[in-house]
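To keep things clear, I will list the structure first and then write my remarks on it.
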Amino acid sequence: MKTLLVITLILITFSVTKCVKKIENKISPVLVTTTTTSMSMEDGDIKTDMDLMGVMIDCNDTFRVEMPYLDSFNKSGSFPDETDRTPKCFVRCVLEKVEVTSEDSQFNVNRTAEVFPQIRDVPPEEIVEMATPCAERSETCKCERSYQYLKCLLEKVIDKYDTT
């Protein structure tokens, strides 16, 4: 559940672009308590003071995505329907709001390492190592680009930590 929440929050940071096709799904209201964590790859002083669930809720106002859909993404590393742009733009919205990606779609792997542990218990230095090759994207659509970045990272994490 923690992993789903983190992925959902990451997805919210993306903003609206021309490649987005809006749909009107409804999300069930969920009471969520969030916590603030502090971490750093060097000295433990970098704070990730953000309300990831709040970011996800904000992004879900524009890009409606059901929690089971996000749960599926968290477990498998991809959305069940990769032709639907709405959840991809949800991811973009979240990543932008948590400052993992900039408006020009450049990914900050160090910021990813600060945010991602809220979703999965993975050491920040490993996140940087896994995210660096994922950050080299060629997609022109900002929503698709953000989705592919997170998908790449999530697949690497699943391959390393979730295989039994």
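So the values come out like this:
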quantity: GluC sites (Glu not before Pro) within region 66-113: DSSP coil, no more than 15 neighbouring Cβ in 10 Å; calculated: 66, 82, 99, 103
quantity: Hull-based mean projected area of region 79-164, where the convex hull spans the alpha carbons, in square nanometres; calculated: 5.5
quantity: Extension gain, residue 102 back to residue 136 (0.36 nm per residue minus Cα-Cα distance, nm); calculated: 10.8 nm
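Values quoted throughout were computed directly from the atomic coordinates according to the rules given, and no laboratory measurement underlies them. All values reported here derive from a predicted model rather than from experimental measurement. Cβ: placed from backbone, ideal geometry, glycine included. Neighbour counts: every protein chain shown.
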